[in-house]
1. So how much slack lies between residue 30 and residue 115, counting 0.36 nm per residue of separation and subtracting their Cα-Cα distance, in nm?
2. With r defined as the distance between the Cβ atoms of residue 164 and residue 124 and R0 fixed at 25 Å, what FRET efficiency is calculated, to the nearest 0.05?
3. Between residue 104 and residue 77, what's the calculated FRET efficiency when r is the beta-carbon distance and R0 is 25 Å? Round to 0.05.
4. Tell me the label-point distance for the pair residue 40, residue 16, using the 7 Å Cα-to-Cβ offset, in nm and rounded to one decimal.
5. Which cross-chain or sequence-distant (5 or more) residues have an amide H under 5 Å from the amide H of residue 137, H modelled 1.01 Å from N in plane?
6. Under the rule of at least 5 residues apart or a separate chain, name every residue whose amide H is placed under 5 Å from the amide H of residue 165.
7. Filter the trypsin sites (Lys or Arg not before Pro) in segment 73-126 to those in DSSP coil with at most 14 other Cβ atoms within 10 Å of their Cβ, and list the result.
8. For a protection proxy built on the mean count of beta-carbon atoms within 10 angstrom, sort 20-27, 153-160, 171-178, 138-145 highest first, please.
Amino acid sequence: MAEEEKKPSKLDGLKQNKMILFIIIGVVVLLLIILILVGILIFSGGDEPEQTGVVAQTQQSAANKGSAANPNSSLLSVGPMYPLDQFIVNLLASGGGKRYLKTSIALELSIAEMQAELDTKRDVLRDTIITILSSKTFEEVQTTKGKQKLKEEIMERLNEFLVDGRVANLFFTEFVVQ
């Protein structure tokens with residue numbers, strides 16, 4: 001009888017060892033899968049939309065000149081700034097009722113001599129920015145990517161009618177949606 005009791009306990013021990021081995025292998029496989037997914041997310045560069053047209057040419061020419069005015073460059077050396085008055089516009093209705101956008105904008109200029117041109121074209125600048133802002137919905141401006149696209153669109157439109165230089169970057173110094 002004593003021998004019969006030992007045999008089942010050996011079988012139970014083997015079953016427990018196999019179960020522990022399967023658990024350890026499962027955890028290792030799960031960790032490898034998580035590690036691979038994190039690596040793919042970190043090293044994938046597909047999140048950034050392709051730039052086309054005037055914006056891409058402008059940024060490429062600034063990079064070729066070694067200028068710090070490129071919007072993707074370090075913000076350690078910012079060019080001359082041109083602050084604009086506050087903007088308050090109605091956003092397009094998107095089923096959620098009326099929404100308002102209140103923002104203040106500062107323009108980084110490629111050269112300081114542009115300030116005189118911008119002073120004379122101040123009303124044109126404001127009109128262009130108001131037109132762009134009021135054509136957006138809440139969903140378009142609520143995300144970081146949406147704000148970045150909005151910056152690029154405003155810079156592209158403003159640079160179309162500037163002669164002396166260009167707007168190198170745009171900063172929202174206030175951005176409230178209600």
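1. On the way: separation 85, 0.36 × 85 = 30.60 nm, distance 5.89 nm.
My answer for the length gained is 24.7 nm.
2. On the way: r = 14 Å, r/R0 = 0.57.
So, using R0 = 25 Å, E works out to roughly 0.95.
3. Values: r = 23 Å, r/R0 = 0.91.
After rounding to 0.05, the efficiency reads 0.65.
4. 3.9 nm
5. Close amide H contacts, sequence-distant or interchain: 92.
6. none
7. Details: sites: 98, 99, 102, 121, 122, 126; in loops: 98, 121.
Counting only loop positions with at most 14 other Cβ atoms within 10 Å, the trypsin sites (Lys or Arg not before Pro) in segment 73-126 are 98.
8. Values: 20-27: 10.0, 153-160: 16.9, 171-178: 12.2, 138-145: 13.9.
My ranking of the peptides, most packed first, is 153-160, 138-145, 171-178, 20-27.
No value in this document is a laboratory result; all are computed from the given coordinates. Quantities reported herein were computed from a predicted structural model and do not represent experimental measurements. Note that each Cβ is placed from the backbone with ideal geometry, even for glycine, and that neighbours are counted across all protein chains shown.
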